[in-house]
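Enquirer: Let me begin by handing over the structure; questions about it come next.
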Amino acid sequence: MFNLNLKDKVILITGGSDGLGFASAKLLSEQGAKVVICGRREDYLKEKANLIREKTNNEVLDIQCDVTNPNQCKNLVEKTISKFNNIDVLVNNAGSSAAFSFEGVSDQDWEEDINLKLMSAIRMCRLVLPHMKSKKSGSIINASIAGGKAPNAAQLPTSVTRAAGLNLTKSLSNEYAALNIRVNAICIGLIKSSQWERKAHNSDVYTLYQELSKKVPMGKVGEEIDYANLVAFLSSDRSAYITGTAINVDGGMCPVL
C-alpha cells in the first residue's frame with residue numbers, strides 16, 4: 001500500500017460512524033492515523049469504533065455529537081484536544097441526501113439542511129482553526145456533491161447548501177493559506193452507500209445501482225473507498241500544494257470544466 005505518512009496524525013471526522021465517513025475513518029486508521037469519529041447514536045457509534053479498532057489495532061476516539069448543536073460541537077473539539085492535544089485534519093463529512101422539487105421544500109426543510117450541512121461546517125472550522133493556526137499547519141476537507149457545481153432539477157435544498165459550502169471552502173483557503181492551512185472540498189457523484197440502500201427499500205439494491213450506472217460516463221457507480229482514498233490523500237502531506245479546490249469523485253458526471 002502506498003504510504004501516505006499519516007501515522008499519528010489526529011483526524012476528526014464528523015458523521016464518521018456510517019457510510020462514506022466510516023469508510024474514510026477505517027482507511028485512515030489503517031494508515032496509522034489517530035481517528036476521532038462522531039455520530040448521534042452512541043451505541044451505534046461505539047460499535048463502529050470497535051470495528052475499526054479490531055481491524056487496525058489502532059487508537060480510535062468515539063464521541064457522541066449532533067453537529068447541528070453548537071454546544072456538542074464545542075464538546076467534540078474539546079474532548080479531542082484533551083485526548084490528543086492536537087487536530088491535524090478536520091473532515092466535515094456529516095450530511096444527508098435531501099433532493100426535492102422547489103415547491104416541495106418548506107422553510108423548515110431549508111433551515112434544517114443549511115444547519116446540518118453548512119452551519120455545522122462553519123462551526124467546526126471556527127472551533128478547529130485556532131488549534132491549526134497555533135502550529136501553522138492543517139487540512140480541512142469539506143464533503144460536497146457534484147450538484148453543488150452543476151445542479152440538476154429537483155435537487156433542492158442540498159444543491160444550494162452544498163454550493164454555499166464550496167464558497168466557504170474557497171474563502172477559507174484564501175484566508176488561511178499563508179498559515180499553511182489547506183481547505184479543499186470533495187464533490188461526490190453516485191457512490192454506493194447506505195443512503196442509497198435505504199432508498200431501495202425492498203427493491204434489489206444491485207438493480208438500483210445498475211440503473212444509476214447508466215447515468216455515469218464511466219458506466220459504474222463508485223465505491224465508498226473511492227471517496228475514502230481522496231480523503232486520505234488530502235489529509236496527507238502528499239497534497240501539500242493543493243488548496244482551494246473542489247475535486248469531483250463522480251466517474252465523469254459533472255459537466256463543469
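Enquirer: What number of residues within the range 45-65 satisfy the criterion of being touching a residue at least 12 places away in the same chain (Cβ under 8 Å) and either among the hydroxyl-bearing types (Ser, Thr, Tyr) or not in a helix (DSSP H, G or I) (or both)?
Expert: The total comes to 9.
Enquirer: Looking only at the range 85-98, which residues are under 15 Å from Thr161 (Cα atoms) and surrounded by fewer than 18 Cβ atoms within 10 Å (Cβ to Cβ)?
Expert: Scanning the range 85-98 gives Ser96, Ser97.
Enquirer: Select, from Asn184, Asn174, Asn248, the only residue that is under 24 Å from Asp8 (Cβ atoms), polar (S, T, N, Q) and either under 15 Å from the mean Cα position of the chain (by Cα) or surrounded by fewer than 17 Cβ atoms within 10 Å (Cβ to Cβ) (or both).
Expert: None of the others qualify; the one that does is Asn184.
Enquirer: How about the range 150-171: which of its residues are of a type outside the set (S, T, N, Q) and either in contact with a helix residue (DSSP H, G or I) (Cβ under 7 Å, 6 or more places away or on another chain) or in a helix (DSSP H, G or I) (or both)?
Expert: Let us first name the residues in the range 150-171 that are of a type outside the set (S, T, N, Q), namely 150-151, 153-154, 156-157, 160, 162-166, 168, 170.
Within the range 150-171, Pro151, Leu156, Pro157, Val160, Arg162, Ala163, Ala164, Gly165, Leu166, Leu168, Lys170 meet the criteria.
Enquirer: Given the criterion at pLDDT 95 or above and within 27 Å of Arg198 (Cβ to Cβ), identify the matching residue among Lys74, Lys79, Lys117.
Expert: That would be Lys117, the only listed residue that is at pLDDT 95 or above and within 27 Å of Arg198 (Cβ to Cβ).
Enquirer: Hey, among Val35, Val10, which residue is over 24 Å from Ser97 (Cα atoms), β-branched (Val, Ile, Thr) and surrounded by 22 or more Cβ atoms within 10 Å (Cβ to Cβ)?
Expert: Val35
Enquirer: In the set Ser144, Ser134, which member is closer than 30 Å to Asp237 by Cα and touching a residue at least 24 places away in the same chain (Cβ under 8 Å)?
Expert: On the way: Ser134 fails: touching a residue at least 24 places away in the same chain (Cβ under 8 Å).
Step by step, each of Ser144, Ser134 is checked, and only Ser144 is closer than 30 Å to Asp237 by Cα and touching a residue at least 24 places away in the same chain (Cβ under 8 Å).
Enquirer: Restricting to the range 203-231, and then to whatever is small (Gly, Ala, Ser) and touching a Ser or Thr at 6+ places or on another chain (Cβ under 7 Å), can you tell me which residue is surrounded by the most Cβ atoms within 10 Å (Cβ to Cβ)?
Expert: Ala228
Enquirer: Can you tell which of Ser159, Ser139 is closer than 22 Å to Gly39 by Cβ, in contact (Cβ under 8 Å) with a residue 60 or more places away in the chain and among the hydroxyl-bearing types (Ser, Thr, Tyr)? Don't jump to the end; show me each part of the working.
Expert: Values: Ser159 fails: closer than 22 Å to Gly39 by Cβ.
Selected residue: Ser139, the only one of Ser159, Ser139 that is closer than 22 Å to Gly39 by Cβ, in contact (Cβ under 8 Å) with a residue 60 or more places away in the chain and among the hydroxyl-bearing types (Ser, Thr, Tyr).
Enquirer: Here's a follow-up. Tell me, which residue of the range 172-195 that is under 21 Å from Lys149 (Cβ atoms) and part of a helix (DSSP H, G or I) is modelled with the lowest pLDDT?
Expert: Keep residues of the range 172-195 that are under 21 Å from Lys149 (Cβ atoms), which gives 172-174, 182-191, 193, 195.
Narrowing the set further to residues that are part of a helix (DSSP H, G or I) leaves 172-174, 195.
Working: Leu172: 98, Ser173: 98, Asn174: 98, Gln195: 76.
That would be Gln195.
Enquirer: What residue, among those in the range 124-179 that are of a type in the set (A, V, I, L, M) and touching a Cys at 6+ places or on another chain (Cβ under 7 Å), is farthest from Ile247 (Cα to Cα)?
Expert: Restricting attention to the range 124-179, the residues satisfying the condition of being of a type in the set (A, V, I, L, M) are 124, 127-129, 132, 140-141, 143, 145-146, 150, 153-154, 156, 160, 163-164, 166, 168, 172, 177-179.
Going one step further and asking which of them are touching a Cys at 6+ places or on another chain (Cβ under 7 Å), we end up with 124, 127, 140, 145-146, 150, 172.
Numbers: Met124: 21, Leu127: 25, Ile140: 14, Ile145: 10, Ala146: 9, Ala150: 13, Leu172: 16 Å.
Restricting to residues being of a type in the set (A, V, I, L, M) and touching a Cys at 6+ places or on another chain (Cβ under 7 Å), the top hit is Leu127.
Enquirer: If you scan the range 99-124, which residues turn out to be surrounded by 15 or more Cβ atoms within 10 Å (Cβ to Cβ) and either part of a loop (DSSP other than H, G, I, E, B) or basic (Lys, Arg) (or both)?
Expert: If the condition is that a residue be surrounded by 15 or more Cβ atoms within 10 Å (Cβ to Cβ) and either part of a loop (DSSP other than H, G, I, E, B) or basic (Lys, Arg) (or both), then Val105, Lys117, Arg123 are the ones that fit.
Enquirer: If you don't mind, another one. Please go through the range 17-38 and give me each residue that is under 17 Å from Phe233 (Cα atoms), touching a strand residue (DSSP E or B) at 6+ places or on another chain (Cβ under 8 Å) and either charged (D, E, K, R) or part of a loop (DSSP other than H, G, I, E, B) (or both), ordered by number.
Expert: Ala33, Lys34
Enquirer: Restricting to the range 66-98, name every residue that is touching a residue at least 12 places away in the same chain (Cβ under 8 Å), polar (S, T, N, Q) and assigned to a loop (DSSP other than H, G, I, E, B).
Expert: We begin by selecting, within the range 66-98, every residue touching a residue at least 12 places away in the same chain (Cβ under 8 Å); these are 66-68, 70, 73-77, 79-81, 83-84, 86-98.
Still in the list and also polar (S, T, N, Q): 68, 75, 80, 86, 92-93, 96-97.
Scanning the range 66-98 gives Thr68, Asn86, Asn93, Ser96, Ser97.
The values are calculated or read from the model by the stated rules, or taken from the named source; none is laboratory data. It should be emphasised that the depicted structure is a prediction, and the values quoted were computed from it without experimental measurement. Glycine also receives a Cβ, built like all others from the backbone with ideal geometry; neighbour counts cover every protein chain displayed.
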